[in-house]
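The block underneath contains the structure these notes are about, expressed in structure tokens.
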Amino acid sequence: MISIKSEREIALMVEAGRIVALAHKAIKDAIKPGISTLELDKIAYDVITSHGATPSFLNYEGYPASICASINNVVIHGIPSDKIKLKNGDIISIDIGACYKGYHGDSAMTHGVGEVSPKRIELMKVTKEALFCGLSFAKPGNRLSDISHAVEEYVTSRGYSVVKDFTGHGVGRNLHEDPMVPNYGAAGHGPVLRKGMTLAIEPMVNVGRSGVRILADGWTTVTADKSDSAHFEHSIVITDDGYKILTIEGDENVKK
Ligand code: MF3
Ligand code: CO
């Protein structure tokens, strides 16, 4: 069942999303060659907890950290470690969730480390554009799969592939709620979008083929063909005439 959030619940999700955005900002500022992904995890933990929230991912189904830090061919769920240090030219996908007064915000973005190749910059750009291309279909009356279709269509038109083994999702009282939001499929299917639905839309885009593999740690998800991958995600609420991004800060939070 897809829950419709009240104004009160949406206000709490705005705050959860703001805290996620603040954690992203702090990590972005700290990213440089030599820093470990465990240090980045600590930065997010400190921002989240100092704002009265808890890291949504920590202990979620046994996940051992506050963020996912996924470098180059790692698609998602890279576990922070003091042994993994950023190198010049890497791309790193950072995924962060925060729970504020019982409501979650969830957002991911991919950053370049130092000087990054044009190919990798293009991958990040296309993935971010794919997110916003999908979001442009997030409005009352549209069907959920209109978003899915738009994401896939954009990504494949640019010569990349979307990951199909993981999806976006509803978000709110739980980190993962109904509905699942695939990044592929035909338009015109699935539930009709309504005001007050809250969704996390999150394209994962590979340079090569769409297949992925999970490493022995049970989390780290890599591209099967070892190609690079990027990930952008926002939590949104469906409004009267479109959507509002929740995982964004202050003035940036313009109504779409
Ligand atoms: N943004 C990811 C998701 O929506 C993060 C989950 S990581 C986990 O699934 F550790 F919480 F599983
Ligand atoms: Co998510």
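The values are calculated or read from the model by the stated rules, or taken from the named source; none is laboratory data. These numbers come from a predicted model, not from an experiment. Reconstructed Cβ throughout: ideal geometry from the backbone, glycine too, with neighbour counts over all protein chains shown. These accessible areas exclude ligands, DNA and RNA; they are computed on the full protein's heavy atoms, side chains included. Shrake-Rupley method; radii C 1.70, N 1.55, O 1.52, S 1.80 Å.
Which of the residues belonging to the range 172-188 are in contact with a Pro (Cβ under 9 Å, 6 or more places away or on another chain) and assigned to a loop (DSSP other than H, G, I, E, B)?
Step one: list which residues in the range 172-188 are in contact with a Pro (Cβ under 9 Å, 6 or more places away or on another chain), which gives 178-179, 183.
Residue satisfying the conditions is 183 alone.
Of all residues in the range 61-99 being farther than 20 Å from residue 25 by Cβ, within 16 Å of ligand 1 (Cβ to nearest atom) and over 16 Å from the mean Cα position of the chain (by Cα), which is least open to solvent (accessible area, probe 1.4 Å)?
63
Kindly provide the set of residues from the range 15-31 that are in contact (Cβ under 8 Å) with a residue 60 or more places away in the chain, farther than 15 Å from residue 70 by Cα and over 16 Å from the mean Cα position of the chain (by Cα), ordered by number. Explain how you work it out, then say what you get.
Taking the range 15-31 first, the residues in contact (Cβ under 8 Å) with a residue 60 or more places away in the chain are 15-25, 27-28, 31.
Filter again for farther than 15 Å from residue 70 by Cα, leaving 15-23, 25.
Hit for the range 15-31 is 15, nothing else.
Restricted to the range 182-209, and to residues that are within 11 Å of ligand 2 (Cβ to nearest atom) and under 11 Å from residue 235 (Cβ atoms), which residue is nearest to the chain's Cα centre (by Cα)?
Filtering first and then ranking leaves 202.
Quick one: in the range 40-63, of everything that is part of a helix (DSSP H, G or I) and in contact with a helix residue (DSSP H, G or I) (Cβ under 6 Å, 6 or more places away or on another chain), which residue is farthest from residue 101 (Cα to Cα)? Spell out how you get there, then give the answer.
Within the range 40-63, the subset part of a helix (DSSP H, G or I) is 40-50, 60-62.
With in contact with a helix residue (DSSP H, G or I) (Cβ under 6 Å, 6 or more places away or on another chain) added as a condition, the list becomes 40, 43-44, 47-48.
Values: 40: 24, 43: 21, 44: 18, 47: 16, 48: 12 Å.
Here the residue is 40.
Restricting to the range 123-140, name every residue that is more than 16 Å from ligand 2 (Cβ to nearest atom), crowded, with 16+ Cβ neighbours inside 10 Å and charged (D, E, K, R).
129, 139
When residues of the range 100-121 are filtered for being open to solvent by less than 60 Å² (accessible area, probe 1.4 Å) and part of a helix (DSSP H, G or I), how many remain?
1
How many residues does the range 181-208 contain that are free of Cβ contacts under 8 Å to residues at least 60 places away in the same chain and either open to solvent by 10 Å² or more (accessible area, probe 1.4 Å) or of a type outside the set (Val, Ile, Thr) (or both)?
Result for the range 181-208: 12.
Looking at the structure I just gave you, is residue 140 outside any helix (DSSP H, G or I) and under 18 Å from the mean Cα position of the chain (by Cα)?
Numbers: outside any helix (DSSP H, G or I): yes; under 18 Å from the mean Cα position of the chain (by Cα): no.
Judged against the criteria, residue 140 is not a match.
Give all pairs with beta carbons closer than 9 Å in which a residue from the range 41-54 that is open to solvent by 50 Å² or more (accessible area, probe 1.4 Å) meets a residue that is of a type in the set (Lys, Arg); count only pairs at least 6 apart in sequence or on separate chains.
51/18; 52/101
In the range 159-171, is there at least one residue being more than 23 Å from residue 78 (Cβ to Cβ), open to solvent by 10 Å² or more (accessible area, probe 1.4 Å) and assigned to a loop (DSSP other than H, G, I, E, B)? Spell out how you get there, then give the answer.
Restricting attention to the range 159-171, the residues satisfying the condition of being more than 23 Å from residue 78 (Cβ to Cβ) are 159, 170.
Add one more test, that the residue is open to solvent by 10 Å² or more (accessible area, probe 1.4 Å), and what stays is 159.
Right, trim to assigned to a loop (DSSP other than H, G, I, E, B) and you get 159.
Yes; the residues of the range 159-171 include at least one that is more than 23 Å from residue 78 (Cβ to Cβ), open to solvent by 10 Å² or more (accessible area, probe 1.4 Å) and assigned to a loop (DSSP other than H, G, I, E, B).
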